[in-house]
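The values are calculated or read from the model by the stated rules, or taken from the named source; none is laboratory data. Only a predicted model underlies this, so the values are computations on that prediction, with no experimental measurement involved. As a convention, Cβ positions derive from the backbone with ideal geometry for all residues, glycine included, and neighbour counts pool all protein chains shown. Surface accessibility is based on the protein's heavy atoms, side chains included, excluding ligands, DNA and RNA. Shrake-Rupley method; radii C 1.70, N 1.55, O 1.52, S 1.80 Å.
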Amino acid sequence: MQDQNQSQSLSNLLNQLQNPEIQESLSSILKKLPEYEKGIESINNMVTFSKDLFNDQQIGQKYDELLTSYNLDFKTIHAIIGLLENLPKLNTILDQFIKIMDFANAILQDKQSIEYVSNNVSQYAEPLKEKTQTFKTFVSEVKEQMSSNDNSEPINLFTILKWLKEPAVQTILQYIQAGIHVLNHEKERNI
């Protein structure tokens, strides 16, 4: 019975080998057999290396120490994955930043550009300096007058009414009135 099963299997095998597609496939496999052998040998070398690496206790201990020194929990791994997903965007931003830095460096190396920027900044800064100086002078004069004012005459209602006629006080009061009007108008719009 066993002989009969073997002969039937052999007969089936011979029938299949008669098929031209199978013959072509076998021929192709036989031609590529040296490449397959090299690939299998390479895989075998990697497996052997991996086994030796895992069996080496010193290396295993170093990697174990290294892994335990880091706080690798789920949040950390999730953050690393998020960072890896955004690397193309970060790379684009970094490229643009590098271009800006190169441009700024080129400007800083060019004496004409520095002179041009310096002149433009000084044109805008000069009026601000003058206004700041004027304000400092005003404050110092007010302080000086307050400290040297010997007549400690009390301020009464008549003095305030007299001040209301002054143009500077009128201007300040007009600003206050306009500000109150704008605030009321804003309040009505928000209601």
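Structure above, values below:
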| item | result |
| --- | --- |
| Cβ charges +1 (Lys, Arg) and -1 (Asp, Glu), total dipole of the stretch 30-93, debye | 300 debye |
| Cβ-based net charge around residue 82, under 12 Å, with every Lys or Arg adding one and every Asp or Glu removing one | +1 |
| Choice from 155, 114, 80 with maximal GNM fluctuation in the chain (Cα, 10 Å cutoff) | 155 |
| Of 39, 179, 82, the one that fluctuates the most in a GNM where the chain has Cα springs shorter than 10 Å | 179 |
| For the chain, built as a Gaussian network whose Cα springs stay under 10 Å, the top-fluctuating residue of 65, 35, 85 | 35 |
| Accessible area per residue in Å² at 1.4 Å probe, computed on the stretch 1-93 | 97 Å² |
| Chain lengthening between residue 49 and residue 97 when straightened (0.36 nm per residue, less Cα-Cα) | 12.9 nm |
| Estimated dipole of the stretch 1-152 in Debye, rounded to 20 [Cβ of Lys and Arg +1, of Asp and Glu -1, Cα centre] | 280 debye |
| Selection from 119, 83, 13, by position along the positive dipole direction of the chain (Cβ) | 119 |
| For the stretch 133-189 and the stretch 60-108, distance of Cα centres in Å | 58 Å |
| Signed unit charges on C-beta, dipole axis of the stretch 41-191, positive-most listed residue 72, 105, 54 | 105 |
| Which listed pairs, of 111/136; 129/187; 131/165; 89/129; 131/187; 136/162, have C-alpha distances above 32 Å, in listed order | 111/136; 129/187; 89/129; 131/187 |
